[in-house]
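*Asks:* Take a look at this one; I'll ask things after.
The values are calculated or read from the model by the stated rules, or taken from the named source; none is laboratory data. Here the structure is a predicted model, which is why all the values come from computation and not from measurement. Virtual Cβ from ideal backbone geometry, glycine too; neighbours counted across all protein chains shown. The area values use the complete protein model at the heavy-atom level, side chains included, leaving out ligands, DNA and RNA. Shrake-Rupley method; radii C 1.70, N 1.55, O 1.52, S 1.80 Å.
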Amino acid sequence: MPGSDRQAGFTYLAILFAVAVAGVALAATGALWSVELQREREAELLFVGNQFRLAIRSYHEQSPGMLKHYPMSLDELARDNRYLGVKRHLRRIYADPVTGQSEWGLLMAPEGGIMGVHSLSDRPPMKRSNFFLRDAMFEGKNRYSEWHFVYRP
């Protein structure tokens, strides 16, 4: 039958076209998913960094005596042994959402101790403006490692 050979070729081309369209759609979906994942990591970095900032503030302000101290390690934020009972300024030591590692860059106070943290990632952030007031100093920064979550009394 001469007509059936033409039908088989047409069906083959239609299937190839459908596979190509599905591949393009999946590639576009993957790119969008990657952007959304980076935005989520940025939002989590802002949350976690501010949790560290608040914990360092709590540790510093609740130092016994008149002289205030910064913590010497991040572990002291999760388990402050300066009191009879254990005091927790931070529930746990969070991992860096951008790198996925538990290691943070530490910003040391001139008088000693940790006064802030920052990510160790040199990736460029997507968010460049419209930060909350507490994070306004991040505007125009070119790397996540420049987002310093610092407590200054």
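*Asks:* Taking the chain as a Gaussian network, Cα atoms linked when under 10 Å apart, which of E139, E76, E44 shows the biggest mean-square fluctuation?
*Replies:* E139
*Asks:* Considering only protein heavy atoms and a probe of 1.4 Å, how much of the accessible area of the range 28-142 is carbon and sulfur, as a whole percent? Write down the numbers at each step before the final one.
*Replies:* On the way: 3910 of 7100 Å².
Roughly 55 percent, rounded to a whole number.
*Asks:* Now for a different question. Let me check I've understood the local charge: for A78, count other residues with C-beta under 14 angstrom from its C-beta, Lys and Arg +1, Asp and Glu -1. What total comes out? Write out the running numbers ahead of the final one.
*Replies:* Numbers: positive: R79, R82, K87, R88, R91, R92; negative: D75, E76, D80.
Net local charge, A78 excluded: +3.
*Asks:* Using θ = phi - 60° and the Karplus relation 6.51 cos²θ - 1.76 cosθ + 1.60, list the HN-Hα couplings for the range 98-115 in order, rounded to whole Hz, with x at every Gly or Pro.
*Replies:* Working through the residues one at a time gives 7, 8, x, 9, 7, 8, 10, x, 9, 9, 8, 6, x, 8, x, x, 9, 9 Hz.
*Asks:* Sticking with this structure for a sec: Can you list the residues of the range 22-42 with backbone N under 17 Å from a point 7 Å past the Cα of M126, pointing along Cα to Cβ?
*Replies:* Residues passing the 17 Å test: 27-42.
*Asks:* Taking R0 as 35 Å, what's the FRET efficiency between E111 and W33 from their Cβ-Cβ distance, rounded to 0.05? Mind dumping the intermediate values first?
*Replies:* Working: r = 46 Å, r/R0 = 1.31.
Using R0 = 35 Å, I get an efficiency of 0.15.
*Asks:* Give, in nm to one decimal, the length gained when the segment between N50 and E103 is fully stretched (0.36 nm per residue of separation minus the Cα-Cα distance).
*Replies:* Numbers: separation 53, 0.36 × 53 = 19.08 nm, distance 1.62 nm.
Net length gain for the segment: 17.5 nm.
*Asks:* Counting alpha carbon pairs within less than 8 Å and at least 6 residues apart, what relative contact order, in whole percent, applies to the chain? Show your work: numbers first, answer last.
*Replies:* Working: 192 pairs, mean separation 29.9, N = 153.
Relative CO of the chain lands at 20 percent.
*Asks:* With the crude spin-label approximation of a point 7 Å out along Cα→Cβ, what separation in nm comes out for A95 versus L13?
*Replies:* Computed distance between label sites A95 and L13 equals 5.1 nm.
*Asks:* Next up: Residues of the range 17-153: accessible area per residue at 1.4 Å, in Å²?
*Replies:* On the way: 8550 Å² over 137 residues.
With all protein chains present, the range 17-153 gives 62 Å² per residue.
*Asks:* For labels at R134 and S58 in the simple 7 Å Cα→Cβ model, what's the distance in nm?
*Replies:* Inter-label distance under the simple model: 1.2 nm.
*Asks:* Name the lysines eligible as straight-distance cross-link partners of K141: C-alpha to C-alpha under 17 Å, and not fewer than 8 places from it in the same chain.
*Replies:* Cα-Cα hits under 17 Å: K127.
*Asks:* Taking θ = phi - 60°, what integer Hz values does the Karplus form 6.51 cos²θ - 1.76 cosθ + 1.60 yield along the range 43-55, in sequence order, with x for Gly and Pro?
*Replies:* 4, 5, 4, 5, 5, 5, x, 6, 5, 4, 4, 5, 5
*Asks:* Could you tell me what % of all Cα pairs in the chain have separations over 23 Å? Working shown, then result.
*Replies:* Details: 6107 of 11628 pairs.
Of all Cα-Cα pairs in the chain, 53 percent lie more than 23 Å apart.
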